[in-house]
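Report on the structure given below.
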Amino acid sequence: MAVERTLSIIKPDATRRNLTGKILARFEEAGLRIVAQKRLRLTREQAERFYAVHSERSFYDDLCDYMISGPVVAQVIVGENAIALIREIMGATNPANAAPGTIRAEFGESIEANSVHGSDSPETAEFEIGFLFSGIEIIG
Ligand code: ATP
Ligand code: MG
């Protein structure tokens, strides 16, 4: 296993319900370290670019609308096997299919409003981190 960095976003449904601290605690309790963090409201254009990989999918427009419907909290997270570990802690995309005890099983509202995002590969992580953070904001 290698030390990796990944990008996590606490999505608008979770910030709206004041779940930021509870979600971040799951990551920290798993031994992961938050090395950069910001609260922001994405613009439509930023949401479209962030999720450009899904631009051909039927849910893309709704997903972009949802991601700008409220503030999000983004963080760069570092740790052993961080990319897969965060996705394990998050659970399956659809909360109805997420394993018991995962963030999405516990907090997710729907397949769209599923409370958290996590990068899915080292390449995606570097794109997403660079999209939302500059080097001087990341303090290891
Ligand atoms: P994320 O990229 O947000 O970590 P994921 O990797 O589990 O989630 P993706 O397939 O990358 O899932 O989808 C990105 C996001 O698009 C999902 O988290 C969800 O918010 C939304 N989404 C995915 N599939 C659907 C769908 N069938 N209907 C509505 N929204 C969807
Ligand atoms: Mg994804």
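The values are calculated or read from the model by the stated rules, or taken from the named source; none is laboratory data. What you are looking at is a predicted structure, and each value in this text was computed from that prediction instead of being measured. No Cβ is skipped: glycine too gets one built from the backbone with ideal geometry, and neighbour counts run over all protein chains shown. With ligands, DNA and RNA removed, areas are computed over all heavy atoms of the protein, side chains included. Shrake-Rupley method; radii C 1.70, N 1.55, O 1.52, S 1.80 Å.
Annotations for the structure displayed:
- Among residues of the range 15-70, those that are closer than 22 Å to I86 by Cβ and away from ligand 2 (no atom under 16 Å from the Cβ), counted: 28
- Close pairs (9 angstrom Cβ cut-off, 6 or more residues apart or separate chains): within 16 Å of S115 (Cβ to Cβ) in the range 54-67, within 14 Å of ligand 2 (Cβ to nearest atom) and in a loop (DSSP other than H, G, I, E, B) anywhere: L63/Y51; L63/R57; L63/E112; Y66/K11; Y66/E112; M67/K11; M67/Y51
- Complete set of residues in the range 128-140 that are of a type in the set (D, E, K, R) and either in a strand (DSSP E or B) or touching a helix residue (DSSP H, G or I) at 6+ places or on another chain (Cβ under 8 Å) (or both): E128
- If you go through the range 83-94 and pick out every residue that is within 15 Å of ligand 2 (Cβ to nearest atom) and buried (at least 20 other Cβ atoms within 10 Å of the Cβ), you end up with 5.
- For the range 95-127, filtered to residues that are over 22 Å from G21 (Cα atoms) and assigned to a helix (DSSP H, G or I), the residue that is most open to solvent (accessible area, probe 1.4 Å) is E123.
- Residue satisfying condition, being away from ligand 2 (no atom under 16 Å from the Cβ) and free of Cβ contacts under 8 Å to residues at least 60 places away in the same chain, within set E80, E106, E123, E112: E106
- Screening A92 on (1) under 12 Å from the mean Cα position of the chain (by Cα); (2) among the hydrophobic types (A, V, I, L, M, F, W, C); (3) assigned to a loop (DSSP other than H, G, I, E, B) shows it passes everything except condition (1).
- The residue that is farthest from E109 (Cα to Cα), among those in the range 24-68 that are among the small types (G, A, S) and surrounded by fewer than 17 Cβ atoms within 10 Å (Cβ to Cβ), is G31.
- Residues satisfying the stated conditions in the range 128-140, i.e. among the aliphatic types (A, V, I, L, M) and either closer than 15 Å to V78 by Cα or open to solvent by 90 Å² or more (accessible area, probe 1.4 Å) (or both): I129, I136, I138, I139
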